[in-house]
Amino acid sequence: MDLGLSETQQMLKNSARAFLEQECPHSLVRAMEQDQKGYPPELWKSMVDLGWTGLAFPEKYGGTEGSFLDLAVLIEEMGRALVPGPFFSTVVMGGLTILEAGSDAQKAEHLPRICQGEETLTMAVTEPSATFAPGGIQVEARKDGGDYVINGTKLFVPDAQTADVIIVAARTSQGANAEDGVTCFIVPASTQGVSIVPLDTMASDKQAEVSFSNVKVPAGAVLGEVDKGWPIVDRAIQRGAAAKCVEMLGGAGAVLEMTVEYAKQRVQFGRPIGSFQAVQHHCANIATYAESSRYMAYQAAWSLSEGLPAAREVSMAKAWVSEAYRKACLLAHQSHGAIGFTQEHDLQLFTRRARVAELAYGDPKFHRELVAESIGI
Amino acid sequence: MDFRLSTEDEAFRAELRQFLQDEMPADWLGASRNPDNEDWGFTLQLRKKLAQKGWLTMHWPHEYGGQGAPQIKSTLFADEVSYASAPGRDIFGVRMLAPTLMIHGTEDQKKEYLPPIARGEVQWCQGYSEPGSGSDLASLQTSAVSDGDDYIINGSKIWTSMAHRADWIFMLARTDPGAPKHRGISFVLVNMNTPGVTVRPILNMTGGHEFNQVFFDDVRVPKSNRVGEENRGWYVAVTLLDFERSGVDYSACARRLVDDTADYASKTGTNGGAPAGGSWVRNALTDCYIEAEACRLLAYRVAWMQEHGMMPNMEASMSKVMGSETLNRTASTCLEVLDLYGVLKPGDSRAPMKGRVPEQWMNSFSGTIAAGTSEVQRNIIATRGLGLPRG
């Protein structure tokens, strides 16, 4: 058992933190909430130049052969800095899914472009029924000669507006088992019949409704096998949930530091409020939420990274970290008093994102149910 | 990172599980906090067997008869034994006093006291709290007055677990009443058979006898029984506190409760209400399961730090506060799952799970108090860990 980071992971963490403190200040995060695109191309380019988009891909595609765990270390830092943009969607949901399930041709087409930062991706799973369960996939893909024709609506698709490519989980057949009959397609966002309407979310993140109206794609767009796409989606959701956990962990760490700092400086009754036990205990609880989240999140990321069965670990982590981060934010607000409730204060940047992250890739209720299944309760 | 056990630890765990399965009576009610004479006899018997296996003190250094086992292996041992509800582990001697003696004891003290602890032959108890000194331990008033080569001890200790079974007590007593409160205390070892030592039982709310009050009336103890320098006992004791806080026991007990309650509920359904698969029961038990797993990782993190020469401080407090509170919540949830049956005590013929759930729920109240209350632990996290100013 080894619960520490390797030397190279620690270096990656340190350099990412230093870079993001410089290049991704909260002023930028705020500005991007109002920006239609949602991220500055210069920041994206810098991240690409640092090799971040290629971190988790094989060398032959232009990557640096890092592991999912290495990527998790980086994403924790991105969560801490609230990095705007399509990194998560492109690398975790798009790139790693193609790496795992794609044909040689698909990998050769997309992965070098991801590593070079020339292509952004997203994965469209959820629909108006708003569930990550297989039964929720009802967008239809009908075979039409050598092609497929896709119809229906995907909802809550992250970063769809700026994505060049959308991986779409669609239904190619209806069976007794909802897991059968799902097929994944790699669809260029520019394909005729794809329309994207942004959603106005609490975190001002860039989710969208993606509608497919007789969208014709060739058979070569199928990712994996026809009708057998659910395991691909399931694994992608697992990676998404685990990566979201480390992202939340990064945020929780920042919230803790912000709150401790405030408690040391804010003076009432002639002394720093951090000397009052009521406030100390809020801070202690935030720290405990953050630290328990750390090992739950990394256990999940490590399990995936090692290629071990990870359903239980991922679902435990997503259920635990989501709630822990939310509770940490609530205590942070309580400690900050009125100023934390204002738009000018940075705390709210985290709180709004915490709530959105809690729901992404399955909320605690959803994942508790999966844990119950995996342990036979 | 690697969350796996090593192959060697896996093998050890398998051997330990088999041992516990072989040794534990089928009708064992769990490591009750209220062992009658027969249960206590079994506890001592099992402790000696654990000692013979070399497991009781495997984390001790070789020079003291241990195996120098990595901390994680020793935490794994605690995890498994607690999950099995098996008695026999020795907290006061093996895990608290012995490491303190290794750091602060004289060669003679080490030679005299460590071997019987390692053989599982001696029961120690801890004399810290006093009627007027709980969380504010350093305000303690029991006095040890110098008289030639001896101290004469007067005063009383309270909440002294297992004092009625103990051969020896390690205690804190005031040797300099004029000094600032932390700087006038000494750490002393006292044989419980010394004239002037009396033990009064205190029953806890389960009806169990774990606590005692121990009275000292002109108890004469040689100064050679002092550990560390005179008036430096507080600092000897503080070292000791860091040895008892990995806190894996809490999560192990919570996991066992969840597993047994889930098993019971799936076979019987709850009382007239939703069947075992009912969504409330599933959700509530799974919630406890996840929380216990989070606690377990925090406990192993403490062990991992110790194994790598880092001194866990805030981390141990986090593990303790979260573990003990999780066990309390878990026991409460399990009781709720059993519905009206949840209140039936051990011995009642209709009691599900041998009445262990209400027993554990009541007992779990001690976890958030003993060895530093949850509030004190949070103070430690805030001040020592996060650097907040002291109040």
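The values are calculated or read from the model by the stated rules, or taken from the named source; none is laboratory data. Keep in mind it's a predicted model, so treat the numbers as computed, not measured. Note that each Cβ is placed from the backbone with ideal geometry, even for glycine, and that neighbours are counted across all protein chains shown.
Anything in the stretch A:297-342 that is charged (D, E, K, R) and either within 12 Å of chain B (Cβ to nearest Cβ) or over 17 Å from the mean Cα position of the chain (by Cα) (or both)? List them, or say none.
Quick first cut of the stretch A:297-342, residues charged (D, E, K, R) only: A:306, A:312-313, A:318, A:323, A:326-327.
Of everything in the stretch A:297-342, those that are charged (D, E, K, R) and either within 12 Å of chain B (Cβ to nearest Cβ) or over 17 Å from the mean Cα position of the chain (by Cα) (or both) turn out to be A:E306, A:R312, A:E313, A:K318, A:E323, A:K327.
On the basis of being farther than 23 Å from B:L297 by Cβ and either more than 9 Å from chain B (Cβ to nearest Cβ) or among the small types (G, A, S) (or both), does A:R271 make the cut? If you could, list the steps in order and put the result at the bottom.
Numbers: farther than 23 Å from B:L297 by Cβ: yes; either more than 9 Å from chain B (Cβ to nearest Cβ) or among the small types (G, A, S) (or both): no.
Criteria not met by A:R271.
Look through the stretch B:343-391, keep the residues that are of a type in the set (G, A, S) and part of a helix (DSSP H, G or I), and return whichever of them is farthest from the other protein chains (Cβ to nearest Cβ). Lay out the reasoning, then the answer.
Within the stretch B:343-391, the first condition is being of a type in the set (G, A, S), and the residues that meet it are B:347, B:349, B:351, B:355, B:364, B:366-367, B:370-372, B:374, B:382, B:385, B:387, B:391.
From what's left, part of a helix (DSSP H, G or I): B:355, B:364, B:366-367, B:374, B:382, B:385.
Numbers: B:G355: 22, B:S364: 18, B:S366: 20, B:G367: 16, B:S374: 9, B:A382: 3, B:G385: 7 Å.
Result: B:G355.
Hey, does the stretch A:299-310 have a residue that's touching a residue at least 60 places away in the same chain (Cβ under 8 Å) and more than 23 Å from B:R4 (Cα to Cα)?
No, that holds for no residue.
In this structure, is A:R326 more than 19 Å from A:A72 (Cβ to Cβ), among the basic types (K, R) and in contact (Cβ under 8 Å) with a residue 12 or more places away in the chain? So that I can check it myself, show each step before the final result.
On the way: more than 19 Å from A:A72 (Cβ to Cβ): yes; among the basic types (K, R): yes; in contact (Cβ under 8 Å) with a residue 12 or more places away in the chain: yes.
Answer is yes for this residue.
With respect to A:L71, is the statement that it is within 14 Å of chain B (Cβ to nearest Cβ), at pLDDT 95 or above and more than 30 Å from B:K73 (Cβ to Cβ) true? Even if it seems obvious, please write down each step before you answer.
Values: within 14 Å of chain B (Cβ to nearest Cβ): yes; at pLDDT 95 or above: yes; more than 30 Å from B:K73 (Cβ to Cβ): yes.
Yes: the conditions hold for A:L71.
Farther than 20 Å from A:D205 by Cβ, among the aromatic types (F, W, Y), assigned to a helix (DSSP H, G or I) and within 8 Å of chain B (Cβ to nearest Cβ): is that true of A:Y289 in this structure?
Values: farther than 20 Å from A:D205 by Cβ: yes; among the aromatic types (F, W, Y): yes; assigned to a helix (DSSP H, G or I): yes; within 8 Å of chain B (Cβ to nearest Cβ): no.
So A:Y289 fails the test.
Quick one: B:T286 ticks every box in (1) touching a Leu at 6+ places or on another chain (Cβ under 7 Å); (2) at the interface with chain A (Cβ under 7 Å from one of its Cβ atoms); (3) β-branched (V, I, T) bar one, so which box is it?
Result: B:T286 passes all but (1).
Within the stretch A:296-313, is there a residue that is part of a helix (DSSP H, G or I), closer than 18 Å to A:V255 by Cβ and hydroxyl-bearing (S, T, Y)?
Taking the stretch A:296-313 first, the residues part of a helix (DSSP H, G or I) are A:296-305, A:311-313.
Checking the rest, the ones that are also closer than 18 Å to A:V255 by Cβ come to A:296-297.
Narrowing the set further to residues that are hydroxyl-bearing (S, T, Y) leaves none.
Looking through the stretch A:296-313, none of the residues is part of a helix (DSSP H, G or I), closer than 18 Å to A:V255 by Cβ and hydroxyl-bearing (S, T, Y).
Would you be able to tell me the number of residues in the stretch B:133-150 that are out of contact with any helix residue (DSSP H, G or I) (no Cβ under 6 Å at 6 or more places or on another chain) and either modelled with pLDDT under 95 or among the hydrophobic types (A, V, I, L, M, F, W, C) (or both)?
6
What helices (runs of 4 or more DSSP H) lie completely within the stretch A:30-124 and have 1 or more residues being farther than 27 Å from A:L5 by Cα? Write out each step before concluding.
Working: elements: A:41-49, A:68-81, A:96-101, A:104-115.
Answer list for the stretch A:30-124: A:41-49, A:96-101, A:104-115.
For a quick check of your reading: which helices (runs of 4 or more DSSP H) sit entirely within the stretch B:1-87 and have at least 3 residues that are among the charged types (D, E, K, R) and under 20 Å from B:Y300 (Cβ atoms)? So that I can check it myself, show each step before the final result.
Numbers: elements: B:7-23, B:37-52, B:71-83.
The helices (runs of 4 or more DSSP H) meeting that bar are B:7-23, B:71-83.
Just a yes or no: is a residue in the stretch B:9-24 touching a Cys at 6+ places or on another chain (Cβ under 8 Å) and either more than 29 Å from B:Y235 (Cα to Cα) or buried (at least 20 other Cβ atoms within 10 Å of the Cβ) (or both)?
Step one: filter the stretch B:9-24 for residues touching a Cys at 6+ places or on another chain (Cβ under 8 Å), giving none.
There is no residue in the stretch B:9-24 that is touching a Cys at 6+ places or on another chain (Cβ under 8 Å) and either more than 29 Å from B:Y235 (Cα to Cα) or buried (at least 20 other Cβ atoms within 10 Å of the Cβ) (or both).
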